[in-house]
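The structure under discussion appears below in the form of structure tokens.
The values are calculated or read from the model by the stated rules, or taken from the named source; none is laboratory data. Only a predicted model underlies this, so the values are computations on that prediction, with no experimental measurement involved. Here the Cβ positions follow ideal geometry from the backbone for every residue, glycine too, while neighbour counts run over all protein chains shown. Calculation scope for accessible area: heavy atoms of the full protein, side chains included, ligands and nucleic acids excluded. Shrake-Rupley method; radii C 1.70, N 1.55, O 1.52, S 1.80 Å.
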Amino acid sequence: MADLQCLPPTHQPRVSDHMEQIKDMITQIINNDCAYVVDGDVFFAVDKISNYGCLSGQKLENHRAGERVAVDSRKRNPADFALWKAAKPGEPSWESPWGPGRPGWHIECSAMSAHYLSFKFDIHGGGIDLIFPHHENEVAQSRAACQESCVSYWMHNGHVTNNNEKMSKSLGNFFTIRQITERYHPLALRHFLISAHYRSPLNYSVLQLEGASEAVYYIYQTLQDCEDTLSSFKEATPSEGTEPKGKTVRVLPDAEKCIKGLQKDFLDKMADDLNTSHVLTGAFQDALKFINNNTNTLKKKQQKQRQLAIIQSLTEIEKEVKGVLDILGLLLPITYSEILEQLKGKALIRADLTEEQISRLIEERILARKEKDFAKSDRIRADLTVKGIALMDVGTETIWRPCVPVEQEEKLPS
């Protein structure tokens, strides 16, 4: 999770450390006449909650109990659920006012969230499959314990699927973050995961991971080119946006438009239920294009005032791009060049090649071109492209960078 730039939780509570809070909440629910005890079990009485089903939209009369597990005849309503389960041989148990036993599935979450966040908090997350019955029952029992209980926003995430089936241990169609990040940079995986709205399912594919890796490389190569260009003009950059004579250096009108467009586009999409699916397209790509065009322009001879305006514009747009990446968790606390090297390292692993092998192939290609053996030259380049390695001729030099492999076959990481 740290590799994926996920911030650690403030608290990571264990149920077994919060038995007193759980028993206290169950006692409160019983005292409020919303639960009843039967033979050491405690059941929640759903009939006591007038708006049961408010989260999922399910109605009690439509709830068909007994489809998944046999209905317990001791329940007053088949939809009633366990808050406390009496001890069974071989199972862990704790002492309670109702005899030894263990908590039901739902009460644990209500008790721990109330303990750490109070009965009123902003955001409750979870998989979309937990809306009913788990979260529905959480709402009911929390309100039964405290009438003022309230969650402002429920954020249910879709699942990552494989061939459009939910990944699960039972199906054996899953793989771990560590398996993927052995071959792909964690930033590429994070980019892939935010490419769909969090409420939507996301179908895993090697091709999409390759595309995400390519996108991250392009972003950081653009930022690296910008940094290299600006550093060569460092002495020409005025302090705090002013020339030595006191004239204010303004960003170019196109740059100002680009910055405002990026800010508005980003905020609009994030304000739309954190809609990350297109947040790195549109205005964000326009900003990268502006950087690439103007780093090239800056290398040509310019009037002093325009040169300073381009420098100021690139500086401001780079700052905006980094701000977006930082919020999305796509900015690492290392240099652009280090990230690019890491991305290239992962590409070498996927291609099953070493830097030395690629250097030898580049030398072979240079020799083939000198000898006018263009068929061999093209074959070397094409063979590497199949493996996700692109050769680029820059002046008299040939360099390589990762690319999306052509004819990439879909396969799970081994």
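Of note:
- GLY104 passes every criterion in (1) buried (at least 18 other Cβ atoms within 10 Å of the Cβ); (2) over 25 Å from ASP33 (Cα atoms); (3) among the small types (Gly, Ala, Ser) apart from (2).
- Here THR297 meets each of (1) in contact with a helix residue (DSSP H, G or I) (Cβ under 7 Å, 6 or more places away or on another chain); (2) without any contact (Cβ under 8 Å) to a residue 40 or more places away in the chain; (3) over 26 Å from THR248 (Cβ atoms) with one exception, condition (3).
- Each residue in segment 246-291 was checked for being small (Gly, Ala, Ser), surrounded by 14 or more Cβ atoms within 10 Å (Cβ to Cβ) and assigned to a loop (DSSP other than H, G, I, E, B), and 1 pass.
So that you can scan it fast, the table gives a plain yes or no per residue for (1) of a type outside the set (A, V, I, L, M, F, W, C); (2) part of a loop (DSSP other than H, G, I, E, B):
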| site | (1), (2) |
| --- | --- |
| HIS11 | yes, yes |
| THR27 | yes, no |
| ILE30 | no, no |
| PHE43 | no, no |
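- Against the conditions (1) assigned to a helix (DSSP H, G or I); (2) modelled with pLDDT under 95; (3) among the small types (Gly, Ala, Ser), ALA79 satisfies every one except (1).
This table checks each residue for (1) open to solvent by 50 Å² or more (accessible area, probe 1.4 Å); (2) in a helix (DSSP H, G or I).
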site	(1), (2)
ARG306	yes, yes
GLU318	no, yes
LEU330	no, no
GLY345	no, yes
LEU353	no, no
ILE358	no, yes
GLU364	yes, yes
ARG369	yes, yes
ALA390	no, no
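- In segment 1-16, the residues that are more than 13 Å from GLY329 (Cα to Cα) reach residues that are of a type outside the set (Asp, Glu) and modelled with pLDDT of 95 or more with C-beta atoms within less than 7 angstrom, at least six apart or across chains, in these pairs: HIS11/TYR116; PRO13/MET112; PRO13/TYR116; VAL15/PRO103.
- Qualifying residues in segment 332-343 (those that are hydrophobic (A, V, I, L, M, F, W, C) and open to solvent by less than 40 Å² (accessible area, probe 1.4 Å)) - the one farthest from the chain's Cα centre (by Cα): LEU340
- Test: residue in segment 137-148 that is among the hydrophobic types (A, V, I, L, M, F, W, C) and either touching a Cys at 6+ places or on another chain (Cβ under 6 Å) or assigned to a strand (DSSP E or B) (or both): yes
- Sole residue being closer than 23 Å to HIS159 by Cβ and touching a residue at least 60 places away in the same chain (Cβ under 8 Å), chosen from ILE107, ILE131: ILE131
- Listed by first and then second residue, the pairs linking a residue in segment 153-166 that is over 21 Å from LEU55 (Cβ atoms) to a residue that is in a loop (DSSP other than H, G, I, E, B) and modelled with pLDDT under 90, with Cβ atoms under 7 Å apart and 6 or more places separating them unless they lie on different chains, are VAL160/MET167; THR161/MET167; ASN162/ASN173; GLU165/LEU171; GLU165/ASN173.
- Within segment 28-64, the set of residues being in contact (Cβ under 8 Å) with a residue 40 or more places away in the chain and of a type in the set (D, E, K, R) comprises ASP39, ASP41, LYS48.
- Taking the criterion of being loosely packed, with under 15 Cβ neighbours inside 10 Å and in contact with a helix residue (DSSP H, G or I) (Cβ under 9 Å, 6 or more places away or on another chain), the only residue of segment 77-94 that qualifies is PRO92.
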